[in-house]
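Peer 1: Can you keep this structure in mind? I'll have questions shortly.
The values are calculated or read from the model by the stated rules, or taken from the named source; none is laboratory data. All values derive from a computational prediction rather than experimental measurement. A quick note on method: Cβ atoms are made from the backbone with ideal geometry, for glycine too, and the neighbour counts reach across all protein chains shown.
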């Protein structure tokens, strides 16, 4: 919790100083994906994601839910479909004005609006019905956007799927997130959508 608070403080300071948004590279078994994280619009979600990146949590996880024409979801399960332990959930930032458009990353959650922890999804198409206020009055918090490698994400979205241990839409062949690392920064002004 102290690390998350320290990260939030640092992101808040950087954003107020006009600093750049962090950029991460996600190396997958299907190819690399580069993502700009919108620390200026979703500071809690980005700080949370960065903490999982720094801890190596995402390394070896898979995209466990893949629905062509909708989204690909990952960050929570290993290749044996074992759920990885997570830190406490974070506050939902869906009111930040960002939209669930094709190529954006959003926090995955349960029916509880404030239940997001490590899992995220990448929108394959514009999914405006997930924006604040969605059917439950909250929506799904967008916190980043793919800037390179969206073709890789689309390829993942088209993979054949099956049901595993009661979970639907699991790729027949695991799509592994091999590593995620911070690589650069982008101007904070680029989050206008």
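Peer 1: Residue check: is residue 153 surrounded by 15 or more Cβ atoms within 10 Å (Cβ to Cβ), under 15 Å from residue 44 (Cβ atoms) and in contact with a strand residue (DSSP E or B) (Cβ under 9 Å, 6 or more places away or on another chain)?
Peer 2: Working: surrounded by 15 or more Cβ atoms within 10 Å (Cβ to Cβ): yes; under 15 Å from residue 44 (Cβ atoms): no; in contact with a strand residue (DSSP E or B) (Cβ under 9 Å, 6 or more places away or on another chain): yes.
Against the criterion (surrounded by 15 or more Cβ atoms within 10 Å (Cβ to Cβ), under 15 Å from residue 44 (Cβ atoms) and in contact with a strand residue (DSSP E or B) (Cβ under 9 Å, 6 or more places away or on another chain)), residue 153 does not qualify.
Peer 1: Right, something else. Where in region 110-193 are the strands (runs of 3 or more DSSP E), entirely inside, with at least 1 residues that are modelled with pLDDT of 95 or more and touching a helix residue (DSSP H, G or I) at 6+ places or on another chain (Cβ under 9 Å)?
Peer 2: Values: elements: 120-123, 142-148, 161-164, 167-171, 176-186.
Counting at least 1 such residues, we get 120-123, 142-148, 167-171, 176-186.
Peer 1: Filter region 95-114 for residues that are under 19 Å from residue 146 (Cβ atoms) and under 15 Å from the mean Cα position of the chain (by Cα) and give the result.
Peer 2: Across region 95-114, the qualifying residues are 98, 99, 100, 101, 102, 103, 104, 105, 106, 107, 108.
Peer 1: Right, another one. Quick check on region 7-22: of everything there that is surrounded by fewer than 18 Cβ atoms within 10 Å (Cβ to Cβ) and under 20 Å from residue 181 (Cβ atoms), which residue is modelled with the highest pLDDT?
Peer 2: Filtering first and then ranking leaves 20.
Peer 1: Out of the residues in region 31-44 meeting the condition of being touching a strand residue (DSSP E or B) at 6+ places or on another chain (Cβ under 9 Å) and within 30 Å of residue 163 (Cβ to Cβ), tell me which one is surrounded by the fewest Cβ atoms within 10 Å (Cβ to Cβ).
Peer 2: The residue in question is 32.
Peer 1: Taking the condition of being surrounded by 14 or more Cβ atoms within 10 Å (Cβ to Cβ) and more than 21 Å from residue 43 (Cβ to Cβ), how many residues in region 104-133 meet it?
Peer 2: Of the residues in that region, 4 qualify.
Peer 1: Can you find even one residue in region 75-85 that is out of contact with any strand residue (DSSP E or B) (no Cβ under 9 Å at 6 or more places or on another chain) and within 19 Å of residue 152 (Cα to Cα)? Outline the logic, then answer.
Peer 2: So in region 75-85, the residues out of contact with any strand residue (DSSP E or B) (no Cβ under 9 Å at 6 or more places or on another chain) come out as 80, 82, 85.
Applying the additional criterion that residues be within 19 Å of residue 152 (Cα to Cα) yields none.
Checking region 75-85: not a single residue is out of contact with any strand residue (DSSP E or B) (no Cβ under 9 Å at 6 or more places or on another chain) and within 19 Å of residue 152 (Cα to Cα).
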